[in-house]
Amino acid sequence: MLTDVDCRQAVCPPDRARARLTDAGGLYLEVAPNGSKRWFWKFYPDGKESRLALGRYPEVSLKAARLARDQARLQRQAGQNPVQERRAARLAVRAGGDSFEAVAREFHGKRAPSWSPRYAARWIERMEKDLFPYLGALALPAVTAPVLLAALRRIEARGAVEAAHTLRQTAGQVLRYGVQTGRLERNPAVDLAGALEPVRVRHMAAITTPAGAAALMRAINGYTGQPVTRAALLLSALLFQRPGNMRTMEWAELDLDAGLWTIPAAKMKRPQHGKINGRPHLVPLPTQAVQLLRELQPLTAGRPNPHVFPAMTGAGRPMSENTITGALRRLGFGPEEMTAHGFRAMARTLIVEHLAGVRPDVIEAQLAHAKSGPLGAAYDRAEFMAERRALMQKWADWLYEQCRVPRSGG
């Protein structure tokens, strides 16, 4: 078995045309007199020796070469000749054929207009980084289940288990599109169910006990940093909206007399269709929140920057996404105890456990957890909105009284 040191220090003796350093399973590193080094995998189709080039060292590391060898062995086990498959794929691409990358880009071009710009960009970035280098040149029928699994296990091997699962789904979209357009008979991605290491879900840290919430609120109330940051912390607890919506709150979205914050649909976590055609998300403001916002008006309202929580530097920008997190750390709450997103889980848990008479659908609506089906439209009915307004005031009263925070917030 080779080591990285062996590969780095390998040289070709002056009396030889080539030197071979063998690893295992037919993998070897070939060193030329001029110092160039190339990986090859040796195998025996029909009893005759053949070899598959796997790339140059150090561009292809020892670990990557072993993964490429394993991928090629999977092709052999599936009855394919890796050398012939590579040649066929190259010919297909040269002829403008249906390579995996070409079909993927075609699929992306058709679907991206209906996705959010962020998701569309992330979709193609993941493919370009992790799948196109290994599968992109293959003709679509050559992307069998073992071949796709080998590419996904490269990602899994670097510890990116969740990314491997995401790319299995992404590749499956492309392969399903290939079936739909007559370029593939069946989607092999479906055969990989259960083949990858399970994703270990890590929930955002959150305080979910009355005693913990009391300690958190008292700490926030005594925060001695920027008053705008202190207000953002208190409002995060009172309104429990997504951190991105909190920090990008604008004065134009607020009606303090009516006690209402209207978040435009374009700012919500929704598919592109929902951002364009959906209704805004309404957040009733309890009296404590209204008072905090009125206290903020002399500090941040009426400026060129439209945000309630403007950035300290950078015209027109909201506060950094790290501001709330940094403030929590300065207050002594570590990443395993509380996060900016944790205010949502804190509210969800404590409302269910300690506020009687609140229907779960009302809480989910206020969290902007959209429901499909006939109940989805109910979130915008007047009587449902009345329940949400009552919930928000009930929560604010409980939070301030339980935690002994002065009602003025001062």
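The values are calculated or read from the model by the stated rules, or taken from the named source; none is laboratory data. Here the structure is a predicted model, which means the values were calculated and not measured. Cβ atoms come from the backbone with ideal geometry, glycine included; neighbour counts cover every protein chain shown.
Contact map, the stretch 285-303: residues that are free of Cβ contacts under 8 Å to residues at least 40 places away in the same chain paired with residues that are surrounded by fewer than 19 Cβ atoms within 10 Å (Cβ to Cβ) and not in a helix (DSSP H, G or I), Cβ distance under 7 Å, separation 6+ or inter-chain. Pairs shown: 290/256; 290/259; 294/256. Of the listed requirements (1) modelled with pLDDT of 90 or more; (2) part of a helix (DSSP H, G or I); (3) among the acidic types (Asp, Glu), residue 162 misses just one: (1). Reported count of residues in the stretch 4-50, each being among the hydroxyl-bearing types (Ser, Thr, Tyr) and over 27 Å from residue 77 (Cα atoms), is 1. Of 137, 68, 64, all but one fail to be crowded, with 17+ Cβ neighbours inside 10 Å, closer than 25 Å to residue 184 by Cα, in the same structural domain as residue 22 (by TED's automatic domain parsing) and not acidic (Asp, Glu); the exception is 68. Can you find a residue that is hydrophobic (A, V, I, L, M, F, W, C), modelled with pLDDT under 90, surrounded by 14 or more Cβ atoms within 10 Å (Cβ to Cβ) and touching an Asp or Glu at 6+ places or on another chain (Cβ under 8 Å) anywhere in the stretch 172-190? No; the residues of the stretch 172-190 include none that is hydrophobic (A, V, I, L, M, F, W, C), modelled with pLDDT under 90, surrounded by 14 or more Cβ atoms within 10 Å (Cβ to Cβ) and touching an Asp or Glu at 6+ places or on another chain (Cβ under 8 Å). Candidates 137, 164, 151: the one that is within 21 Å of residue 70 (Cβ to Cβ) and over 21 Å from the mean Cα position of the chain (by Cα) is 137.
So that you can scan it fast, the table gives a plain yes or no per residue for (1) at positive phi; (2) buried (at least 20 other Cβ atoms within 10 Å of the Cβ); (3) out of contact with any helix residue (DSSP H, G or I) (no Cβ under 9 Å at 6 or more places or on another chain):
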position	(1), (2), (3)
221	no, no, no
236	no, yes, no
250	no, no, yes
284	no, yes, no
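Here residue 47 meets each of (1) loosely packed, with under 14 Cβ neighbours inside 10 Å; (2) within 37 Å of the chain's Cα centre (by Cα); (3) farther than 30 Å from residue 125 by Cα with one exception, condition (2).
Scanning the stretch 334-374 for residues being farther than 17 Å from residue 235 by Cβ, part of a loop (DSSP other than H, G, I, E, B) and touching a helix residue (DSSP H, G or I) at 6+ places or on another chain (Cβ under 9 Å) gives a total of 10.
Residue under question is residue 196, and the condition is that it be touching a helix residue (DSSP H, G or I) at 6+ places or on another chain (Cβ under 7 Å), crowded, with 16+ Cβ neighbours inside 10 Å and under 30 Å from residue 142 (Cβ atoms); does it hold? First the steps, then the outcome.
On the way: touching a helix residue (DSSP H, G or I) at 6+ places or on another chain (Cβ under 7 Å): yes; crowded, with 16+ Cβ neighbours inside 10 Å: yes; under 30 Å from residue 142 (Cβ atoms): yes.
Yes.
Scanning the stretch 336-350 for residues that are among the charged types (D, E, K, R) and in contact with a Phe, Trp or Tyr (Cβ under 9 Å, 6 or more places away or on another chain) yields 344, 348. Taking the residues in the stretch 114-159 that are hydrophobic (A, V, I, L, M, F, W, C) and free of Cβ contacts under 8 Å to residues at least 24 places away in the same chain as candidates, determine which candidate is nearest to residue 75 (Cα to Cα). Among those residues, the one meeting the criterion is 124. The set of residues in the stretch 312-327 being within 18 Å of residue 245 (Cα to Cα), free of Cβ contacts under 8 Å to residues at least 60 places away in the same chain and among the β-branched types (Val, Ile, Thr) consists of 325 alone. Restricted to the stretch 97-111, and to residues there that are under 13 Å from residue 174 (Cα atoms) and not charged (D, E, K, R), the residue that is surrounded by the fewest Cβ atoms within 10 Å (Cβ to Cβ) is 109. State all residues of the stretch 208-228 that are more than 29 Å from the chain's Cα centre (by Cα) and either acidic (Asp, Glu) or outside any helix (DSSP H, G or I) (or both); if no residue qualifies, say none. Those that are more than 29 Å from the chain's Cα centre (by Cα) and either acidic (Asp, Glu) or outside any helix (DSSP H, G or I) (or both): 222, 223, 224, 225, 226.
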